[in-house]
1. Looking at Glu231, Glu207, Glu237, can you tell me which residue is closer than 25 Å to Ile325 by Cα, out of contact with any Cys (no Cβ under 6 Å at 6 or more places or on another chain) and in contact (Cβ under 8 Å) with a residue 12 or more places away in the chain?
2. May I ask you to verify whether Arg378 is surrounded by fewer than 16 Cβ atoms within 10 Å (Cβ to Cβ), among the basic types (Lys, Arg) and out of contact with any Ser or Thr (no Cβ under 7 Å at 6 or more places or on another chain)?
3. Just give me the residues in the stretch 356-367 being buried (at least 19 other Cβ atoms within 10 Å of the Cβ) and either farther than 20 Å from Arg378 by Cα or not assigned by TED's automatic domain parsing to the domain that holds Pro415 (or both), in sequence order.
4. Could you give me the residue pairs with C-beta distances under 7 Å whose first residue belongs to the stretch 101-130 and is under 19 Å from Arg42 (Cα atoms), whose second residue is part of a strand (DSSP E or B) and of a type in the set (Lys, Arg) wherever it lies, and which are 6+ apart or on separate chains?
5. Check the stretch 60-72 and report whether any residue there is on the phi > 0 side of the Ramachandran plot, assigned to a loop (DSSP other than H, G, I, E, B) and modelled with pLDDT under 95.
6. Among the residues that make up the stretch 181-195, is at least one of them closer than 26 Å to Arg409 by Cβ and either touching a Lys or Arg at 6+ places or on another chain (Cβ under 7 Å) or assigned to a helix (DSSP H, G or I) (or both)?
7. Answer yes if at least one residue in the stretch 274-287 is under 26 Å from Arg210 (Cβ atoms), free of Cβ contacts under 8 Å to residues at least 24 places away in the same chain and over 18 Å from the mean Cα position of the chain (by Cα), and no otherwise.
8. Specify the residue that is surrounded by the fewest Cβ atoms within 10 Å (Cβ to Cβ); the eligible residues are those in the stretch 308-355 that are among the acidic types (Asp, Glu) and within 30 Å of Pro252 (Cβ to Cβ).
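The values are calculated or read from the model by the stated rules, or taken from the named source; none is laboratory data. Just so it is clear, the model here is predicted, and its values are computed rather than measured. Heads up, the Cβs are rebuilt from the backbone with ideal geometry, glycines too, and the neighbour counts pull from every protein chain shown.
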Amino acid sequence: MSTAIAQATPLHPVQGASELASVCARHPDVPRLVVLKTDVQRRGVHYTDRALALLDPERHSVTGTHIFGARDGRIAPRPESLLLRDGSSIITTPTPLEQRPYVVDHVDGRLALVDGGAPIEEVEYWPRPDYYAKRTRSGLPMKFVVSARPQRLNVFPYRHCHFWNDGEGCLFCDIVPQLRKGKDDLGIPARLDPEDVRETVAEALREPGRFVGICITAGSNTRGARPFDAEVDYYVEILRAIGASFRTPRFPSQLIGTAFEPAQLERLRRETGLTSYTADLEVLDERLFSWICPGKARWVGYREWKERLVRAVDVFGRGRVDTGIVAGVELARPHGFATEEEGLRRTLDEAEELASRGVSTVFIVWSPRPGTALAGQRNASLDYYVALAEGLHGLRARYGLPIDFDDYRHCGNHPDTDLSRLLRP
């Protein structure tokens, strides 16, 4: 058994309105706001008309350029997301009321998360950056070129994934349906011009102290002399365009890409200012990987994907490489693990093997969305996600793996990396 799972709190499913308090009581080392954040990601949110009346597009970030959709399947001018009292962000998705989300409402003069009719916690909308009101020289709204989290810039330069060409997209993913919606409803191009990216990043950086890092991610592109050479070529262009705004050879950056070969990784390191690299396995089990990620399985394979992650440590260094999982899909029907106990044990065993070789694992909470092959399913219990966060944090502490490039400031989407600033190693 993994040493991480041995130290994780046992799972005890809880139902009803007292679930949050019960889970907090069973995980006393995890701050309540981290547990709450995880639950809001797990269940989603619904904005009341009173809450939406407080949304001011001149002051707040409004939903804009996304490569993935919302749980209610809509593109609409709604709040980008929420801030908690500790300054951390909740990256969540609007969810139909029948799925029992948290409700965001205006209560006693303040925005609040409401559950079961009772206010649970005060929240705020994300502040809008100044560059959102501007356009590039080509006429494209800058908010559709680079999207802003409270402390990070996101660049989604290519909105198509070639695994979908052969019907082999990841089963939890809706990147291609969202591409069509973004193009038709908002006029977002499928492929960004590097010059538009250069202009927008330069404008964003005029707000000193606002942003601490830049993340670039796109769909996989299998083309090239070797598979994924075209994807690497394009990333080099985009990263060079971003690097034009910096006086130093390297800048705080994360690329979330396909599992590239060592020569491709070395090219990215040599020809750009990139400082960290992520290649998402999505699920830590070879059998489930083949089912849930058929394109990744055919073009690279589970074991080879893991080996490429390990070899990336030689290029970028320990503490600069990680892989992401969509936590909860390992329990999806009909082929997922039969119980949460098995899912947690097997996931942490695999994560420990990667950590022992210098690769961190981080997770996002699975959000079953319409337009995906797994639409209509339920994600895991709150207990499961909190225990997983404790286990992954414990592995990083045990193997001496910093995660500062993908933490609460540089991402904000991983409950486990929130613990890096709050729990003792």
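1. On the way: Glu207 fails: closer than 25 Å to Ile325 by Cα; Glu237 fails: closer than 25 Å to Ile325 by Cα.
Among Glu231, Glu207, Glu237, only Glu231 is closer than 25 Å to Ile325 by Cα, out of contact with any Cys (no Cβ under 6 Å at 6 or more places or on another chain) and in contact (Cβ under 8 Å) with a residue 12 or more places away in the chain.
2. yes
3. The answer is Gly358, Val359, Ser360, Thr361, Val362.
4. Matching pairs, first to second residue: Glu122/Arg110.
5. No; the residues of the stretch 60-72 include none that is on the phi > 0 side of the Ramachandran plot, assigned to a loop (DSSP other than H, G, I, E, B) and modelled with pLDDT under 95.
6. no
7. Among the residues of the stretch 274-287, not one is under 26 Å from Arg210 (Cβ atoms), free of Cβ contacts under 8 Å to residues at least 24 places away in the same chain and over 18 Å from the mean Cα position of the chain (by Cα), which makes the answer no.
8. Checked the stretch 308-355; the qualifying residue surrounded by the fewest Cβ atoms within 10 Å (Cβ to Cβ) is Asp314.
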